[in-house]
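The values are calculated or read from the model by the stated rules, or taken from the named source; none is laboratory data. It should be emphasised that the depicted structure is a prediction, and the values quoted were computed from it without experimental measurement. We place every Cβ from the backbone using ideal geometry, glycine too, and count neighbours over all the protein chains shown.
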Amino acid sequence: MTNSDPTQPLLGNNPEVVYEDSYIRVFQDRIQIFYYYFPIGTSRTIYYSDIEWVKTSEEMNLGVLQFKTWGMGLANIWWPLDIHRSPCVFGKSPQLIIKVKGWSTCAGASCWKNPDMVEYIKTKVASLS
């Protein structure tokens with residue numbers, strides 16, 4: 001399934017999928033971040049049981065220079081490709097920051113269609129602590 005509009009859902013017939021847009025797929029037990037690896041753009045899967053903590057960009061008080069369309073800005077966060085994450089839309093949608101156990105760099109992600117997914121993911125991670 002392809003869709004260039006990240007605000008439109010792409011949910012298929014998989015009952016494990018809770019949320020999906022062009023940049024992230026949220027399952028009941030894991031997150032799949034699309035376009036994660038540079039330069040080939042393959043996905044990264046992170047299981048909730050492997051996550052140390054989850055915060056929003058607002059909670060971390062990130063400034064515009066700490067974001068990047070793809071790669072690492074001036075923060076220890078790796079951002080997957082997201083053409084809608086740029087200074088011109090800074091602050092319009094909370095960005096998800098994920099600290100995975102054993103990783104030195106955090107993973108960033110966007111949930112454009114449903115920012116409430118950030119709270120869903122936080123709840124899932126907290127329930128495993």
Can you tell me which residues in the stretch 22-75 are small (G, A, S), more than 25 Å from A126 (Cβ to Cβ) and either part of a strand (DSSP E or B) or touching an Asp or Glu at 6+ places or on another chain (Cβ under 9 Å) (or both)?
S22, G71
Output for the stretch 50-61, where each listed residue is among the polar types (S, T, N, Q) and either surrounded by 12 or more Cβ atoms within 10 Å (Cβ to Cβ) or within 14 Å of W78 (Cβ to Cβ) (or both)
T56, S57
Name the single residue, out of those in the stretch 22-46 being closer than 16 Å to G71 by Cβ and buried (at least 18 other Cβ atoms within 10 Å of the Cβ), that is modelled with the lowest pLDDT.
Y23
List, please: which pairs have Cβ atoms under 8 Å, are six or more places apart or on different chains, and start with a residue in the stretch 110-126 that is within 16 Å of Q32 (Cβ to Cβ) and end with one that is in a helix (DSSP H, G or I) and of a type outside the set (S, T, N, Q)?
C111/M117; C111/V118; I121/Y48; K124/Y48; V125/Y48
Identify, please: which residue in the stretch 91-129 is in a loop (DSSP other than H, G, I, E, B) and modelled with pLDDT of 90 or more and is, among those, farthest from L74 (Cα to Cα)?
L128
